[in-house]
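Reviewing the structure listed below.
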Amino acid sequence: MKSQFDNNELPIGQMPISDDEPELIPLLTNEDEEQMNNEQMPEIVSVLPLRNTVLFPGVVIPITVGRDKSIKLIKDAYASDRIIGVVSQKDVSIEDPKLSDLNNIGTIAQILRMLRMPDGNTTVIIQGKRRFKIGDIVQDEPYLKAKVEAFSDVPNIQKDEEFNAIVDSLKDISMAIIEQSPNIPSEASFAIRNIESPSFLINFISSNMNADVEKKQMLLEMNDLKDRATRVLEHLTKELQMLELKNQIQSKVKTDLDKQQREYFLNQQLKTIQEELGGNTPDKEISEMRERAKLKKWNKSVEEVFNKEMDRLNRINPAAAEYSVTMNYLELLLELPWEEHTTDVYDLKRAEKILNRDHYGLEKVKNRILEYLAVIKLKKDMKSPIMCLVGPPGVGKTSLGKSVAEALGRKYVRMSLGGMRDEAEIRGHRKTYIGAMPGRIIQNLKKAKSNNPVFILDEIDKLTNDFHGDPSSALLEVLDPEQNTTFYDNYVEIEYDLSKVLFIATANSMNSIQPALLDRLEIINISGYTIEEKVHIAQKHLVTKQLEAHGLKDGQLTIPQPMLKLIIEQYTWESGVRTLEKCIASVVRSIAKMVAMDENAPSKVTETHVRKALGAPRFILDKLINNETAGVVTGLGWSPNGGSVLFIESSISKGSGKLALTGNLGDVMKESAVIALAYLKAHAEEFGIKSSYFDEWDIHMHVPEGAIPKDGPSAGITMLTSLASLFTQRRVKNKLAMTGEITLRGKVLPVGGIKEKILAAKRAGIKEIILCVDNEKDILDIKKDYLKDLTFHYVENMSEVLEVALTSQKVKNAIVMNGNGRDADVKSTKKEMVRK
């Protein structure tokens, strides 16, 4: 372990022993130590420099002497009293050291034995006696002689309990180091156990521990034995920790190597067994994949990547985890439809027939699909449009995709985006991650086995985002015809062409769709169904579907049109037909129960059967809409679920002119109420209202169904009409509804969602509707069937609204606004604009 220099320590195992002297040198006992400490220290000693070792009192070490001065010194001392002074050099490279090149503290040593080695060097065995401090130089030639003085320890501290504990720890740690170190002979533990003297034990360990000369010299110069023992303990503790760590690393490496070898042999055996049983071995699987690749239709770049990964797979141990990762990746490349596609059916009449068979209405969507099919028939290579069907729930947006796929002769794929919040769901994970998978776009194309399916992206407005990323941003590349030819999935790591896929997205509202994503979509609005359309859909589709679902034969039970209309009007309040289908299912179930119990089951549903299955009516329109109370006006609203009617209720009470708003209203709706009141105050005399009324009466405006949040500006004219009716105590025209935004100047502005609002009005039995003049263009786009039995009043300002909405009749129990009993009157200012 240690290099051998001149005047150096020699390992005991290499030390030759002469026949005339004892082979073993006994350890120092307490009596020997006491006798050694009592010996008289010479005043002048010959000084022997040592290059890379330090001699401690009581310790026996062999040294090799090579320098002429040192050989002369040893011979002279061996011939006389055999006492010399041993001091370590500060710099081992100095060949002829002076006094300044030596440390100040050394050890008196006795030469125990001198041997002449075959190579001409002289080896001596010396034993340390006592420490000394060098004084003045007495002689330089032929070797150094100097005056010395004793360098003693502090008084005896052997009765100190802490010191004794340190000594015991030194023994224990030394034994542990000897046990774990393969380079130290086990006999060394015998020597440690048999040393009785604490000071000699400390010196013995200090001399033999693995430390440099500077550290050992520092220990030699410490005259406090307890401090010296503490320093030695610190060094041994670190050495033991390093030794344990080294052994752990070696053991782990050996264990890993053994495990790999074991797995290799086991896999070789398994391979042999599989061959005997006729199973698939890794080599056979690889060859099969290469055969499949020869038949695969893909471009050159994909083929190059596949062949490169196959070559890499051949070099991987089948037992390694990376083998299965690479195998799964190659399987995906083989199963993806790179060039495989279905052939489009260009029969436009057949396509139109299929679309009309499966869906009633939805003319815009059907026409758009037929236009696309017509252009494909003419141009052959047109990029697929990316359509987004926006409408309330239950109107057939999702199911339309199946009909489109059938009409075009393509595969059908549907992916729900509702609640998706991880960008990796679209783009996939890198295959370096554990459990990595491709994105759902690639997965669905793999299932479809075609690169041109009809791909439904359902509920695109329900996408969310969090710290995992924003999936709507990942869809920007998917839904951009200019970019999706080179769609990049993190798992596949090869560009994939999505331009042949016909993407159809569905949404209930455009408000929550990211603007950049919305810009890439071709928006097609789908409105709710009229009562007549719902009856038609129920007769043609829903009843037949529920009869089959409940085990009844076609023709075994019929639901007449009047009963379907009764269910629609009194048990549903929706734009679509989902609730209607549930109600029909309830009626059919009640009849199926009668059939199963062998009761007298009817073949035709009557009102009695409907009431028994569905209970009391949930919606009674005549009670909801009336004009018996001042300040109650019917408005029209819109939500992602479709249109709806809402009622504005206002009341007054004696007070100081405060305005209270309730009904879970948003900020915009509250502002509309404030604007309406401000306008009415500013034009009070014009409408026959005294200005003092606003300071003498408190106003409370409420919108029923307070659990439902409401917001938007379209209730502006409804709120103003409610306040005008309240302060004039005039009736509002019966079965009248309105929608429109107002300004402080009294202008009426256009609003959106007109078709849905009109359908809601028809469901509620409304006969007249007040709209802004600018909304007339929206009415022209609506089918005439939707407008049947409706009268529209187009207005530009609020005075026209009040002229249409308020009648000349007072409400029952009209409130007298002031003491003279004067009733308010509404003045007509402009002619009514009516379109019937």
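The values are calculated or read from the model by the stated rules, or taken from the named source; none is laboratory data. Source: prediction; values computed, not measured. For neighbour counting, all protein chains shown are included, and Cβ atoms are generated from backbone atoms with ideal geometry for every residue, glycine included. Accessible surface areas use protein heavy atoms only, side chains included; no ligands, DNA or RNA. Shrake-Rupley method; radii C 1.70, N 1.55, O 1.52, S 1.80 Å.
Each helix, a run of at least 4 DSSP H residues, gives -39500 (n - 2.57); summed and divided by the residues of the chain, these come to -12500 deg cm²/dmol at 222 nm. Would you mind classifying the range 335-468 by shape? Square roots of the alpha carbon gyration tensor eigenvalues, ordered a ≥ b ≥ c; an a/c under 1.5 is rounded, otherwise it is prolate if a/b is larger than b/c and oblate if not. Verdict is oblate for the range 335-468. Quick one: grab the alpha carbon gyration tensor of the range 601-722, order the square roots of its eigenvalues as a ≥ b ≥ c, and give me rounded if a/c is under 1.5, else prolate or oblate depending on whether a/b is larger than b/c. Cα axes put the range 601-722 in the prolate bin. A cut-off of 5 Å between modelled amide H atoms, ignoring neighbours fewer than 5 places along the same chain, links residue 138 with 145, 146, 147.
Per-residue surface analysis assigns residue 685 an accessible area of about 140 Å², computed on protein heavy atoms at 1.4 Å probe radius. Ranked by solvent-accessible area (1.4 Å probe, protein heavy atoms only, all chains present), the residues 304, 363 order from largest to smallest as 304, 363. Antiparallel beta bridges, as assigned by DSSP with both residues in the chain, represent about 60 percent of the total such bridges. Taken over the range 152-248, lysine pairs spaced eight or more positions apart, or on distinct chains, with alpha carbons under 25 Å apart number 15.
From zero outward in steps of 20 Å, how is the percent of C-alpha pairs of the chain spread across the bins? Distribution as computed: 11, 23, 17, 13, 14, 15, 6, 0 percent. In the range 286-402, taking the dipole from charged Cβ atoms about the Cα centre, the farthest positive-side position among 334, 354, 299 is held by 354. Label-to-label distance for residue 44 and residue 539 is 14.1 nm, based on points extended 7 Å past Cα in the beta-carbon direction. Between the beta carbons of residue 251 and residue 312, assuming R0 = 30 Å, the FRET efficiency works out to 0.40 to the nearest 0.05.
Taking every protein chain into account, the accessible area of the chain amounts to 51 square angstrom per residue (probe 1.4 Å). Within the shell of other residues whose beta carbon sits under 14 angstrom from the beta carbon of residue 505, the net charge comes to -1, with Lys and Arg scored +1 and Asp and Glu -1. Of the peptides 651-661, 129-139, 536-546, 751-761, the order by per-residue mean of other Cβ atoms within 10 Å, starting with the highest, comes out as 751-761, 536-546, 129-139, 651-661. Between their Cα atoms, which of 72/145; 747/788; 681/735; 364/755; 90/133 are more than 18 Å away from each other? Too far apart for the 18 Å limit: 747/788; 681/735. Counting only protein chain heavy atoms and rolling a 1.4 Å probe, the accessible areas of 638, 338 rank, largest first, as 638, 338. Averaged over residues, the count of other Cβ atoms within 10 Å places the peptides 186-199, 82-95 in the sequence 82-95, 186-199, highest first. Charge dipole of the chain (Cα centre as origin; +1 on each Lys and Arg Cβ, -1 on each Asp and Glu Cβ, all else neutral): 6540 debye, rounded to the nearest 20. Mind running the shape call on the range 103-150? Use the C-alpha gyration tensor, a ≥ b ≥ c as the square roots of the eigenvalues: rounded below 1.5 for a/c, prolate if a/b tops b/c, oblate otherwise. Oblate, because a/c is 1.5 or more while a/b does not exceed b/c. When only the Cβ of Lys, Arg, Asp and Glu is charged (+1, +1, -1, -1), the dipole of the range 431-590 relative to its Cα centre reaches about 920 debye. Since only 399, 417, 385 are under comparison, the one whose Cα sits farthest along the positive direction of the charge dipole of the range 374-462, derived from C-beta charges on Lys, Arg, Asp and Glu, is 385. The phi-based Karplus calculation (6.51 cos²θ - 1.76 cosθ + 1.60; θ = phi - 60°) puts the 3J(HN,Hα) values of the range 693-702 at 4, 6, 9, 9, 10, 8, 10, 10, 10, 9 Hz, whole numbers, x for Gly and Pro. With just the Cα atoms defining each centre, how far is the range 679-756 from the range 116-147? Give it in Å. So the two Cα centres are separated by 118 Å.
Database remark: amide H of residue 129 closer than 5 angstrom to the amide H of 58, 108, 109, 110 (H placed geometrically; neighbours at sequence offset of 5 or more, or on other chains; Pro and chain starts carry no H). With respect to the chain, whose longest principal axis is taken over its alpha-carbon atoms, helix 225-277 is tilted by about 60°.
For the range 590-744, a simple Cβ point-charge model (Lys and Arg +1, Asp and Glu -1, everything else neutral) yields a dipole of about 420 debye relative to the Cα centre. Would you list which lysines come within 21 Å of residue 612, measuring only between C-alpha atoms, while excluding same-chain residues fewer than 8 positions from it? Qualifying lysines at Cα under 21 Å: 565, 582, 593, 604. Stretching the chain fully between residue 162 and residue 326 yields a gain of 52.7 nm (0.36 nm per residue, less the alpha carbon separation). The apolar share of the surface of the chain, taken as the fraction of accessible area on carbon and sulfur atoms (1.4 Å probe, ligands and nucleic acids excluded), comes to 50 percent.
Only aspartates and glutamates eight or more places from residue 447 in sequence, or on another chain, were considered; those with a Cα closer than 15 Å are 331, 335, 339, 340. Summary of packing: across the peptides 214-222, 516-524, the per-residue average of other C-beta atoms within 10 Å ranks them, highest first, as 214-222, 516-524.
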